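Below is one structure; the comments refer to it alone.
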Amino acid sequence: MDLKVGDTHEAVVIDNVTRTHVVKYAGAGGDFNPLHHDDEFAKERGGYPSVFAHGMFSMGLTGRMLTDWLGPTALKKYGVRFTRQVWPGDTLTARGEVTEVKDEGGEKLATIKVVTVNQNGESVVEGEAVAAI
Amino acid sequence: MADGFQFPVDRSAVMLFARSLGDIRPEFSDPDDPATKAVGGIVVPPTFVQSSAHWQPDYPLDLTRPRKPGAQASRGEGGGGGGLGRGLHAEQHYEYHHPIHAGDTLTVTTRPGERWEKQGRRGGKLLFSETITEYRNQDGVLCVTARSVGVQTERAVDQ
């Protein structure tokens, strides 16, 4: 893959998060913390206005942007910080930007800055990936 | 979890995980697709190893899981969750060393990493703790190293 510094890729990875999306991720991922599916629990035990999506749901959706762009086996590293919660009704756009391309051990590696934002432009996930290209 | 637990990578589980992230690419579901054959069979999404939670014996974030009499979910911070009410997942990092394929059986071992404290913006301490998890396949090859950072807050997180 021919990538150079400054190249970007952007995708709307989910349009209008519903509780059903979150429950489906819980079932697949195995994290059944009631904060993510039980509104009463989220309000009374957590002090939150409602349920919110798993951080790993945001990271997984952001990962889809990366594998759609770079292929399913390209990633060497992928890490994020969860910067803001994702609530029902949110729409998320994931964006990657190549910040470095180098040769290492006979492989061409691209470092990619990753940011996913909600419909207000606020980041929910920030991180970095390294991919073999 | 020094001895680890076994995590069989099942094709249906991979498909369901990918689908839950809106991902229908053939390499995660269809073994007969040319794209899948080109990568040596079904591979897994970047965050798939998180679903090893289903096989983790003392996984704390599934209180409705049926358990043997006397057994109970641990209250530890493992698995990236960090407790039910006040804990949050702060960071997650993966290093990919070797591909994981449907049909593999992974051995999952977990160890605690660093711990540190930070003062929250509105007062109250934030307690961070790291968990390092390694996923090795049936040939003993290290496939993925995961580093999870959980944070416990003394009060509800700022909104």
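The values are calculated or read from the model by the stated rules, or taken from the named source; none is laboratory data. For clarity, every value in this text was computed on a predicted model and none was experimentally measured. Please note: Cβ atoms are built from the backbone with ideal geometry, for glycine as well, and neighbour counts cover all protein chains shown.
At-a-glance table
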| quantity | calculated |
| --- | --- |
| Count of residues meeting criterion [among the aliphatic types (A, V, I, L, M), outside any loop (DSSP other than H, G, I, E, B) and over 21 Å from A:ASP2 (Cβ atoms)] in region A:53-96 | 6 |
| Any hit, region A:41-52, residues being at pLDDT 95 or above, assigned to a loop (DSSP other than H, G, I, E, B) and under 15 Å from A:GLY96 (Cβ atoms) | no |
| Any chance A:GLY46 is touching a Leu at 6+ places or on another chain (Cβ under 7 Å) and surrounded by 21 or more Cβ atoms within 10 Å (Cβ to Cβ) | yes |
| Among the residues listed as A:THR111, A:THR91, A:THR116, the single one being without any contact (Cβ under 8 Å) to a residue 24 or more places away in the chain, among the hydroxyl-bearing types (Ser, Thr, Tyr) and in contact with a strand residue (DSSP E or B) (Cβ under 7 Å, 6 or more places away or on another chain) | A:THR111 |
| Within region A:59-68, tally of residues that are closer than 9 Å to A:VAL13 by Cα and more than 7 Å from chain B (Cβ to nearest Cβ) | 2 |
| Subset of region B:45-59 [out of contact with any Phe, Trp or Tyr (no Cβ under 7 Å at 6 or more places or on another chain) and either at pLDDT 95 or above or at the interface with chain A (Cβ under 9 Å from one of its Cβ atoms) (or both)] | B:THR47, B:GLN50, B:HIS54, B:TYR59 |
| Conditions (1) within 10 Å of chain A (Cβ to nearest Cβ); (2) at positive phi; (3) more than 21 Å from the chain's Cα centre (by Cα); number of the one not met by B:ALA38 | (2) |
| Filter result for the condition that a residue is within 12 Å of chain B (Cβ to nearest Cβ) and either at pLDDT 95 or above or crowded, with 23+ Cβ neighbours inside 10 Å (or both), over A:GLY6, A:GLY96, A:GLY79, A:GLY89 | A:GLY79 |
| Residue within region A:31-54 that is more than 10 Å from every other protein chain (Cβ to nearest Cβ), aliphatic (A, V, I, L, M) and over 17 Å from the mean Cα position of the chain (by Cα) present | yes |
| Restricting region A:20-41 to residues that are more than 20 Å from B:TRP55 (Cβ to Cβ) and hydrophobic (A, V, I, L, M, F, W, C), the residue that is surrounded by the fewest Cβ atoms within 10 Å (Cβ to Cβ) | A:VAL23 |
| Selection status of B:ASP30, facing chain A (nearest Cβ under 9 Å), under 22 Å from A:LYS24 (Cβ atoms) and more than 14 Å from the chain's Cα centre (by Cα) | no |
| Sole residue being touching a residue at least 12 places away in the same chain (Cβ under 8 Å) and exposed (fewer than 15 other Cβ atoms within 10 Å of the Cβ), chosen from B:PRO46, B:PRO8, B:PRO34, B:PRO60 | B:PRO8 |
